Amino acid sequence: MAPWSRLATPVYKNTGSVARDHLASERTFLAWMRTGLGFVALGIAVERFSQLDLEDLVVVLRHGPHPQRQQPSSSVSSATREQKGGEDRNAAEKESEKKKPQLLVGTLLGMGSGSIVYGTARYFSNLRALERGLFKPAFHGVAVLGAAVAGLAGVSMGIL
């Protein structure tokens with residue numbers, strides 16, 4: 001017996017009510033859709049939230065919509081030049097900070113799309129199996145989704 005045969009999904013003879021089993025299969029399909037749409041919605045939310053400039057928002061909340069800014073004097077001092085250089089670095093840091101969530105967003109959208117595709121394929125596979133009087137439980141999909149979510153949680157905690 002090959003070592004990978006233990007990883008094969010078992011197939012059982014279905015001796016229950018066909019209508020009940022089809023309805024249960026539909027509920028499972030809808031659960032995969034909810035999971036996929038949840039990942040997609042979370043990815044969109046992360047992407048939208050990452051576009052906010054929270055420092056500017058804090059300034060607006062503290063000082064009103066048009067804060068008073070000091071005008072630099074006509075003679076540019078070395079301190080002013082250093083301040084402008086610091087502002088350029090801050091702008092570059094802000095841009096790099098905005099690019100960090102893109103990997104997370106892509107992962108969430110990929111996991112959501114993958115869940116939807118897997119759920120749809122599994123539904124039609126179960127539909128055919130139930131019509132033949134067989135049942136094949138979810139084995140690999142659950143393991144892959146569980147590992148992906150655990151990996152995503154671990155990476156997210158590592159980044160934060």
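Each reported figure results from applying straightforward, stated rules to the coordinates on display, with no laboratory input. Quantities reported herein were computed from a predicted structural model and do not represent experimental measurements. Neighbour counts run over all protein chains shown; Cβ positions are idealised from the backbone, glycine included.
Can you tell me how much longer the chain between Ala153 and Arg6 gets when fully stretched, taken as 0.36 nm per residue apart minus their C-alpha distance, in nm with one decimal?
50.1 nm is the gain from fully extending Ala153 to Arg6.
Farthest toward the dipole's positive end in the range 1-62, which of Ala31, Ala41, Val60, given Cβ charges of +1 (Lys, Arg) and -1 (Asp, Glu) about the Cα centre?
Ala31
Cβ under 15 Å from Phe135's Cβ, Phe135 left aside: what net charge do those residues give with Lys, Arg +1 and Asp, Glu -1?
In short, +4.
Around Leu134, which amide H atoms from residues at least 5 apart in sequence, or from another chain, sit under 5 Å from its own amide H, with H modelled in the peptide plane?
Asn14
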